[in-house]
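Peer 1: Below is the structure I would like to discuss, written out as C-alpha cells.
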Amino acid sequence: MNKIRVGVDSGGTFTDFVVVRDGKIEMFKELSTPARPDEAVIKGMLRISAPGTKELIHGSTVATNALLERKGARTALLTTEGFEDVLVIGRQTRRELYNIFVTRPDPLVPDGDRFGIRERTLYDGSIETPLDVAHLRAIIEKLRSRNIESVAVCLLFSFANSRHEDAILDELQPLGVPVSLSSRVLPEYREYERTSTTVINAYLAPIMSRYLRSLQERAGSPLRVMQSNGGAVHAQAASETPVKTILSGPAGGVVGAFHVAEISGYSRVITFDMGGTSTDVSLCDGGIKVTNESHVDGMPVGIPMMDIHTVGAGGGSIAELDPGGALKVGPESAGADPGPICYGKGGRLTVTDANVILGRLLPRFFLGGAMPLWTVRIEPAVRGLAWTRAWKSQQDLAQGVVDIVNNNMEQAIRLISVERGYDPRDFTLVCFGGAGGLHAASLAKGLGIPRIIVPCFPGALSALGLLLADARKDYSRTLLVNAGDSAARLKSALAELHRAGAAELQAEGFRKSEVQCVDSCDLRYRGQSYELTVPLTPKFIDDFHRMHEKRYGYANPKKDVELVTVRTTFLGRTAKPEFKRVPKLRGKPQPQEKRSVWIGGKQVKTAIFDRAVLGHGHVIDGPAIIGEYSSTTLVPPGFRCRVDGYLNLVLEGE
C-alpha cells in the first residue's frame, strides 16, 4: 500500500497542508482554529481520503503561543540552595541601554515556587555537599500542596556530574508530573541560560504533551514534529523536550525556501515568509544558520535554533492610530476569526483589506475562489473609522498601510543582514507565505536586492519544508579544558554522544546507512567570555584562529585556546519530494484581462495572469499580477518576471 506523507503547518490565520502521494504534490488550506489547533488539522486530514498509510509531519505553534501568552503549566524550580533567584538576576544587562522605561519579563516561575536544595557539586564534577534527601522530601510535600503541574531541576554544575539531578528525579516520580532535568535538556555551562531553558521546557511540557497525544489519537497516523533546529522528531520526543519546538513552523519555511533556492542555483539567500499574523526572515549564506544564543520574549534559550527574526507584520496585521495620532500597523493581528474585514465576519482594517482596496488581491484567485472575499464590506467599514478622514481617499489610506508594513519588514531584513555585516545586494530574496508576493518587489527595491524567487506553492512552503526536513538530534557536553591537551577528554565525550545519537535514531527506525553525524566544538581564547563554534577537524584549532580573525579582525595563535563545549548533530535521512526540471516552452503568455490597479500611488493598467498556465521560459513585464490558489505576486512597473525550469517565478528589476 502506498505511503502518503502529509506536512501540516499551523499558522495564526490558515493551517496549510501539503500532501505527497505517488510522487505528486498537492496543497490546500483550512482556516486555523486558535483555541483548538488540532481541530483544523483533523478537518484537513479528513479531506485526504485516498487509501494508504499516512505519515504526518507537523509544524506547531502550540509551544510558541503558550510561552508568549504565558499560558503554560504551573511550574516549580528546584535548584542548589542559595541560587533560587538566578531567573530574576539573569545577566544584569539592559536590552535597551537608553530606554529608562524598559522592563524585564516576569520569571515563568514566581518566587514562592522556587526552592533551594541542600547539595553542592563542584565545577569538576566532585561532590562537596551530598544531597540532603530528607530536606528534598519536605520540599516535595510543599510541591504537592501547591498543585504544581511540572518541575524543572537545575543544579549547579550538574553538566559535570548529574548524580544529584538523577536522584531528585527518582524522588519526584510519585508526584506524577513531568520533570525536566537540566543535565538532559541542556548539559552545558552558563547557569542562567541553562536554568532558563530548563524552566521553559518544564513550563511547556504538560501543554505540548496533551496536545500531541490528542492529535495523534485523533489523526490515527504516525506523527513527527518539526523542531527549531530544522529537523523533525517523533511526537514522544517533542512532548519531552517542547522547548525544541518553539520555532517549529518558521523552521519549516526556511528549510523549504533554502532547498528550492539551492536546486535553482542560489545558495546565498534571504528567506521572507509573510503569513497572516507575522513575518519571519532568515539569512542563509551557503547554508541554514543555527544558533545557540536565541532569546524568546526576553528569555534566553540555549538549545540549537534556526537564526530567524520575527516581526508582527502579516496580512492580518491591524491598522490603527497610536496615542500620538500616527498610523501604525501591527503587531496585533485579526487572526482567523474574525480575520480581515473582507473575510465577512466584521473585523478591523488590515493589510489584506488594504491590498483589496488597491485592487491587488483578486477574489477569484483567493483559495481558488472557495473562500469568498467580501470586498463590498470594506468600504462601509472603512468609512466608519473616524480617523480615515485624514486621508484623501481610501486608496491613499491603503497605500499608507502598505508602506508602513513594508517599512517594518524592511527593518527586519536589515537587522539580519546590514546590522550583521552582510550586504543585501549579494543575496536573493526567497519570498513565500500567503501575503509575501504582494510586498516582495517593494522590499527588494528598497534594499537593493537584485532578484526575487517566488517558489511553487508559496502560500504553503512551510508545510512543504516539513516534508523536506531530516530527523535531527543535537547533543552537547561542556568540558572546559585546554584545547591543545583535550584529545582524551574529547574522544571520551564524543564516544558517549555518538552512542546516544545512534541509539535514539535507531529507535526511531533509521538504518545505519541513513544516519549521518557532524561534530563541532565551541572554542575561545582563555579569559574570553564567549565562544565560536568550529567544525571538529584535525586542524580545528587553526580553523578557530582563522574564524576569530574573520569575525573580530584579529587572532592570537600564541594564546591558549579553551575547548568549552563539544557538540554532535545526528541526522536521519528521510524520503523527500522530488523537484523535476520541466521542458522550456515557446511563445508568450497571454493575460486573462487587464485592469486598473493602484501601484505607487497611481492607477496603472495591469495585466492579470493565472500562474497555473505559466510554463518554463515564459517572461512577463510589469505591471502585472500573477494569481494562484495560495498567494498573489505583484510585478510592479520596472520589474520583469521569468519562469525558470522548476516553475519558480524569478523577478528582477530592470
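Peer 1: Mind counting the residues in region 90-121 that are modelled with pLDDT under 95 and either in a strand (DSSP E or B) or farther than 26 Å from residue 75 by Cβ (or both)?
Peer 2: Qualifying residue count, region 90-121: 7.
Peer 1: Right, something else. Among the residues of region 286-303, what is the count of those that are touching an Asp or Glu at 6+ places or on another chain (Cβ under 9 Å), closer than 21 Å to residue 70 by Cβ and β-branched (Val, Ile, Thr)?
Peer 2: 2
Peer 1: Kindly indicate the residue of region 348-378 that is among the hydroxyl-bearing types (Ser, Thr, Tyr) and assigned to a helix (DSSP H, G or I) and also nearest to residue 632 (Cα to Cα) among those meeting that condition.
Peer 2: So the residue we want is 352.
Peer 1: Exactly one condition in (1) in contact with an Asp or Glu (Cβ under 9 Å, 6 or more places away or on another chain); (2) under 25 Å from residue 187 (Cβ atoms) is false for residue 137; which is it?
Peer 2: Failing condition for residue 137: (2).
Peer 1: I'm trying to understand the selection: among the residues of region 64-115, which are farther than 16 Å from residue 201 by Cα, in contact (Cβ under 8 Å) with a residue 60 or more places away in the chain, of a type in the set (S, T, N, Q) and out of contact with any Asp or Glu (no Cβ under 9 Å at 6 or more places or on another chain)?
Peer 2: None; the set is empty.
Peer 1: Still on this structure: Could you please find all residues in region 57-89 being part of a helix (DSSP H, G or I) and crowded, with 18+ Cβ neighbours inside 10 Å?
Peer 2: Matches in region 57-89: 62, 63, 64, 66, 67, 86, 87.
Peer 1: Here is a further query. If you scan region 511-531, which residues turn out to be part of a strand (DSSP E or B), out of contact with any His (no Cβ under 9 Å at 6 or more places or on another chain) and not small (Gly, Ala, Ser)?
Peer 2: The answer is 515, 516, 518, 521, 522.
Peer 1: Looking at 500, 488, which is the one that is assigned to a helix (DSSP H, G or I), within 23 Å of residue 228 (Cβ to Cβ) and free of Cβ contacts under 8 Å to residues at least 40 places away in the same chain? Working first, answer last.
Peer 2: Details: 488 fails: within 23 Å of residue 228 (Cβ to Cβ).
Of 500, 488, the one residue that is assigned to a helix (DSSP H, G or I), within 23 Å of residue 228 (Cβ to Cβ) and free of Cβ contacts under 8 Å to residues at least 40 places away in the same chain is 500.
Peer 1: Restricting attention to region 433-479, report how many residues are out of contact with any strand residue (DSSP E or B) (no Cβ under 6 Å at 6 or more places or on another chain), of a type in the set (A, V, I, L, M, F, W, C) and closer than 30 Å to residue 570 by Cβ.
Peer 2: Number satisfying all stated conditions: 1.
Peer 1: Now for a different question. Determine which member of the set 95, 70, 47, 5 is more than 16 Å from residue 463 (Cβ to Cβ) and more than 20 Å from the chain's Cα centre (by Cα). Spell out how you get there, then give the answer.
Peer 2: On the way: 70 fails: more than 20 Å from the chain's Cα centre (by Cα); 47 fails: more than 16 Å from residue 463 (Cβ to Cβ); 5 fails: more than 16 Å from residue 463 (Cβ to Cβ).
Every option except 95 fails the conditions.
Peer 1: Would you mind stating whether residue 270 is in contact with a helix residue (DSSP H, G or I) (Cβ under 9 Å, 6 or more places away or on another chain), farther than 19 Å from residue 630 by Cβ and surrounded by fewer than 24 Cβ atoms within 10 Å (Cβ to Cβ)?
Peer 2: Here the answer is no, as residue 270 does not meet what is asked.
Peer 1: Let me ask another. Go over the candidates 125, 23 one by one and state the one that is farther than 24 Å from residue 246 by Cα, surrounded by fewer than 11 Cβ atoms within 10 Å (Cβ to Cβ) and small (Gly, Ala, Ser).
Peer 2: The unique qualifying residue is 23.
Peer 1: Scan region 146-164 and tell me whether some residue there is part of a helix (DSSP H, G or I), out of contact with any Ser or Thr (no Cβ under 6 Å at 6 or more places or on another chain) and of a type in the set (S, T, N, Q).
Peer 2: Looking for residues that are part of a helix (DSSP H, G or I), out of contact with any Ser or Thr (no Cβ under 6 Å at 6 or more places or on another chain) and of a type in the set (S, T, N, Q), one finds none in region 146-164, hence no.
Peer 1: Further question: Could you go through region 18-34 and let me know if any residue there is under 19 Å from residue 238 (Cα atoms) and out of contact with any Asp or Glu (no Cβ under 8 Å at 6 or more places or on another chain).
Peer 2: Applying the first criterion (under 19 Å from residue 238 (Cα atoms)) to region 18-34 yields none.
Looking through region 18-34, none of the residues is under 19 Å from residue 238 (Cα atoms) and out of contact with any Asp or Glu (no Cβ under 8 Å at 6 or more places or on another chain).
Peer 1: Which one of the conditions (1) hydrophobic (A, V, I, L, M, F, W, C); (2) touching a Ser or Thr at 6+ places or on another chain (Cβ under 6 Å); (3) surrounded by 15 or more Cβ atoms within 10 Å (Cβ to Cβ) does residue 518 fail to meet, given that it meets all the rest?
Peer 2: Residue 518 satisfies all of (1) hydrophobic (A, V, I, L, M, F, W, C); (2) touching a Ser or Thr at 6+ places or on another chain (Cβ under 6 Å); (3) surrounded by 15 or more Cβ atoms within 10 Å (Cβ to Cβ) except (3).
Peer 1: In this structure, is residue 52 surrounded by 11 or more Cβ atoms within 10 Å (Cβ to Cβ) and modelled with pLDDT under 90?
Peer 2: yes
The values are calculated or read from the model by the stated rules, or taken from the named source; none is laboratory data. For clarity, every value in this text was computed on a predicted model and none was experimentally measured. Every residue, glycine among them, receives a Cβ derived from its backbone with ideal geometry; neighbour counts consider all protein chains shown.
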